[in-house]
Amino acid sequence: MLLLVSSFTAFAANGPLAVGFRDVTFVDGSRGQVRGRVYYPATVAGERAPADTSQGPHPLVAMMHGWLGQPFMYDGISEEIASWGYVVASTGTEIGPFLNMDVFARDTVALLHYVDDASGTAGDPLQGTVAAGDWGALGHSMGGATLAELIDIEPRVRTTVAFMPYQGDADYYDQLAAWDGAALILSGSDDGTAPPAMQDRWFDSLDHASRGLLVRMDGFGHQAVTDLADDEGSVPKADQFDAVAALSSLFVRAELGGDEDLYGELFARIATLPGDRRSSSHVPATWATLDGGTVQVGVLGVGADATQVWMGTGLGATDDLGLDAAVLQDEGPMVDGIAVRSLPVPWSDGLALQARTGGALGRVITLVEPVPPIEDTGLPADTGDTGLDTDPGTGTTTDPTSGTTTDPTGTTGTTTPSGTTDGEPPKQGGCDSTGGAPAGLGALLLLALAGRRRR
């Protein structure tokens with residue numbers, strides 16, 4: 001008797017919400033039987049836990065597994081995203097060795113619509129969980145490559161995160177090049193299955209992305225996003241997962257959640273990771289963080305485009321800017337589409353800033369001077385003081401500990417891997433048969449045969 005042992009790491013979600021999950025199976029008129037696992041904010045954590053409708057509804061996000069993968073192998077990342085206030089639909093089809101990426105994409109679309117419909121059905125366990133509006137999608141390895149087909153057939157998917165995506169069909173790169181949504185691509189330097197050159201090609205296809213970001217992390221392997229306790233890479237697996245979970249959840253919240261200020265936290269986390277990062281953002285992303293008499297300004301753009309940072313005395317219109325009395329404070333080129341600079345702040349109430357790069361304007365950010373700490377007098381705190389500053393001109397309420405607030409009315413070498421034919425594998429089959437078994441294949445086979453981690 002051969003005893004198969006599958007080693008998992010239990011990752012705790014970092015968001016504030018408890019997460020429930022349930023497996024679903026349904027018959028779609030065009031796809032046949034489709035299976036998946038759905039994760040959602042719940043009253044308590046666990047399988048089939050009641051949905052917490054008081055916290056919703058929430059944006060919907062797809063999750064697509066890699067070759068030989070299944071949803072339970074991605075419980076950790078799916079629960080991480082859901083714990084921040086999202087519903088995650090993880091596709092459970094195409095789990096065998098002959099993964100068809102086109103079928104996989106269509107099954108994922110069917111699952112997204114099934115969960116969306118269930119949210120609107122009285123008495124369904126998922127009733128009231130899914131918000132109207134745009135959707136997101138995550139994908140690992142072959143699932144990451146399949147994102148290109150998914151965005152081509154499902155226009156509601158506007159934010160994507162590709163974890164170590166494998167190479168795709170030639171048409172997929174064209175589909176990605178025509179897309180104007182937001183994409184994060186994560187890559188590991190020690191990935192023996194989908195080496196960094198594959199992610200470079202995906203990034204080089206982001207010709208029209210509103211936000212496009214590639215982050216390569218030194219010492220990370222192919223399984224960084226899975227629950228598999230894999231030892232590929234010089235960085236411990238738990239640290240790999242922690243970084244991938246943080247970057248992906250921050251990106252989803254910044255883009256799909258509409259909180260662009262989170263780019264500051266995202267890049268603070270990126271700064272702790274040795275590696276490489278590049279932007280191909282055709283709509284500038286901007287953030288600002290006050291620190292005493294200086295402000296750190298970050299801008300995402302394209303290549304070496306020139307970046308200007310303007311400061312004004314408040315909201316308004318000076319030429320095409322959204323500022324009053326705008327003064328140019330800084331000008332210079334980007335490096336790989338990214339500019340992060342510290343600038344002195346001539347403080348005045350209502351000071352605002354705006355960046356321009358590549359001829360496109362970012363949003364207007366109103367800077368709020370941090371409130372100095374109150375001296376401890378030993379007396380009870382005044383419960384009538386909320387600690388929030390309100391701009392009387394805009395009605396914007398700001399947490400003074402953050403130092404920033406956003407004006408809601410403001411504007412806002414291809415390398416061909418070895419062992420392939422013309423750099424393109426067949427869509428049917430999912431793995432390059434000429435290059436031998438990919439690194440980590442044995443572990444994946446054990447994992448696939450071990451069964452579900454949870455019942």
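From the list 324, 305, the lone residue that is within 28 Å of the chain's Cα centre (by Cα), acidic (Asp, Glu) and either farther than 22 Å from residue 213 by Cα or modelled with pLDDT of 90 or more (or both) is 305. Residue check: residue 35 meets all listed conditions (1) outside any helix (DSSP H, G or I); (2) out of contact with any helix residue (DSSP H, G or I) (no Cβ under 7 Å at 6 or more places or on another chain); (3) in the same structural domain as residue 250 (by TED's automatic domain parsing); (4) closer than 21 Å to residue 228 by Cα but one, namely (4). Out of the residues in the range 51-69 meeting the condition of being touching a Ser or Thr at 6+ places or on another chain (Cβ under 9 Å) and closer than 16 Å to residue 141 by Cα, tell me which one is surrounded by the most Cβ atoms within 10 Å (Cβ to Cβ). Step by step, filter the range 51-69, then rank; the result is 64.
Across the range 15-32, what is the number of residues that are in a loop (DSSP other than H, G, I, E, B) and modelled with pLDDT of 95 or more? Outline the logic, then answer.
So the first thing to find is which residues in the range 15-32 are in a loop (DSSP other than H, G, I, E, B), and the list is 15-18, 29-31.
Going one step further and asking which of them are modelled with pLDDT of 95 or more, we end up with 15-18.
The number of residues fulfilling the criteria is 4.
Within the range 40-55, the set of residues being part of a helix (DSSP H, G or I) and touching a strand residue (DSSP E or B) at 6+ places or on another chain (Cβ under 6 Å) comprises just one member, 55. Taken over the range 176-196, the criterion of being in a helix (DSSP H, G or I) and out of contact with any Gly (no Cβ under 9 Å at 6 or more places or on another chain) is satisfied by 177 alone.
Picking from 254, 288, 246, which residue would you name as being under 24 Å from the mean Cα position of the chain (by Cα), buried (at least 20 other Cβ atoms within 10 Å of the Cβ) and at pLDDT 95 or above? Before the answer, list the steps.
Values: 288 fails: at pLDDT 95 or above; 246 fails: buried (at least 20 other Cβ atoms within 10 Å of the Cβ).
Answer to the selection: 254.
Taken over the range 154-175, residues that are in contact with a strand residue (DSSP E or B) (Cβ under 6 Å, 6 or more places away or on another chain) and assigned to a strand (DSSP E or B) amount to 6. Residues in the range 197-225 that are of a type in the set (Ser, Thr, Tyr) and touching a Gly at 6+ places or on another chain (Cβ under 8 Å): 210 alone. One residue stands out among those in the range 70-99 that are assigned to a strand (DSSP E or B) and modelled with pLDDT of 95 or more: the one that is surrounded by the fewest Cβ atoms within 10 Å (Cβ to Cβ), which is 87. Right, residue 227: buried (at least 22 other Cβ atoms within 10 Å of the Cβ), of a type in the set (Asp, Glu) and over 15 Å from residue 161 (Cα atoms) or not? In short, yes.
The values are calculated or read from the model by the stated rules, or taken from the named source; none is laboratory data. What you are looking at is a predicted structure, and each value in this text was computed from that prediction instead of being measured. Ideal geometry is used to build each Cβ from the backbone, glycine not excepted, and the neighbour counts take in all protein chains shown.
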